Amino acid sequence: MNNSLAAFHPIKAFFFDVDGVMTDGSLLVTESGEFLRRMSTRDGFAMKLAIKLGYPIGVITGGSSIGVEKRLTLLGVSPIYSGVQIKEPVFLEYIQSSGLDPTTILYMGDDYPDIEVMPHVGLAACPSDAIPEIQRICTYISPFAGGDGCVRDVIEKTLRIQQKWPYA
């Protein structure tokens, strides 16, 4: 890990895990058995802006949540792969079908299911609270935790370095 900002220059697309990246990894369990997650509106703002600027954003997650899917769909995130236990084959199929150059993709994950995807991308990133095995293989470790701005961090860094961030 070197946290070099130069690694953000070639990024043209983003792919994220959900639990532990877009959320803090906690689940609130209601009396009726529903699972609730907390997501950052600042992460959402950055995702919506990046999509508006032409950056594809996809999600691959082991969890299944109608609420999360609705939120991501409203932001314009596509594709959304839910309930995926082994992420690598799904990610590789997406790369092949999308025609994206994997060296231009930033992938952010936080736990064991993300490890196999990371060697296939140009920039492997993780939140500050990712497991040590993930931190060891990432090029960039965000100073922000999952669900607490790490998604915004990598998107804003990319857009600023590429001089596409529209704010001072």
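Compute the label zone of Thr30 within the range 67-89: residues whose backbone N is under 19 Å from the point 7 Å along Cα-to-Cβ.
Only 67-72 pass the distance filter.
Please give, to one decimal in nm, the separation of the simple spin-label points placed at Ile161 and Ser64, each 7 Å out from Cα toward the Cβ.
Label at Ile161, label at Ser64, 3.7 nm between them.
Where does the chain land on the Kirkwood hydrodynamic radius, alpha-carbon pairs, in angstrom? Write out the running numbers ahead of the final one.
Numbers: mean 1/r = 0.0636 Å⁻¹.
For the chain, inverting the mean 1/r across all distinct Cα pairs yields 15.7 Å.
To test your reading of the geometry: what angle, between 0 and 90 degrees and rounded to tens, separates the Cα axis of helix 150-161 from the longest principal axis of the chain?
20 degrees
Number of Lys pairs in the range 1-150 with C-alpha atoms less than 19 angstrom apart, excluding same-chain neighbours closer than eight positions?
Working: Lys12/Lys48; Lys12/Lys52; Lys48/Lys70; Lys52/Lys70.
Lysine pairs meeting the criterion: 4.
About the Cα centre of the range 5-161, how large is the charge dipole given +1 on each Lys and Arg Cβ and -1 on each Asp and Glu Cβ? Please answer in debye to the nearest 20.
Details: 13 positive and 19 negative charges, 146 e Å.
Dipole size: approximately 700 debye.
Under unit Cβ charges (Lys, Arg +1; Asp, Glu -1), what dipole magnitude, rounded to 20 debye, does the range 112-168 have relative to its Cα centre? All intermediate terms of the calculation are to be shown ahead of the outcome.
On the way: 5 positive and 7 negative charges, 69 e Å.
Dipole about the Cα centre, nearest 20: 340 debye.
How do Val121, Val90, Val29 rank when sorted from fewest to most other Cβ atoms within 10 Å of their own Cβ?
Lowest to highest Cβ neighbour count: Val29, Val90, Val121.
Each value in this text was obtained by applying a stated rule to the coordinates, not by laboratory testing. Note that the coordinates shown come from a computational prediction; the quantities given were computed from them, not determined experimentally. Cβ atoms come from the backbone with ideal geometry, glycine included; neighbour counts cover every protein chain shown.
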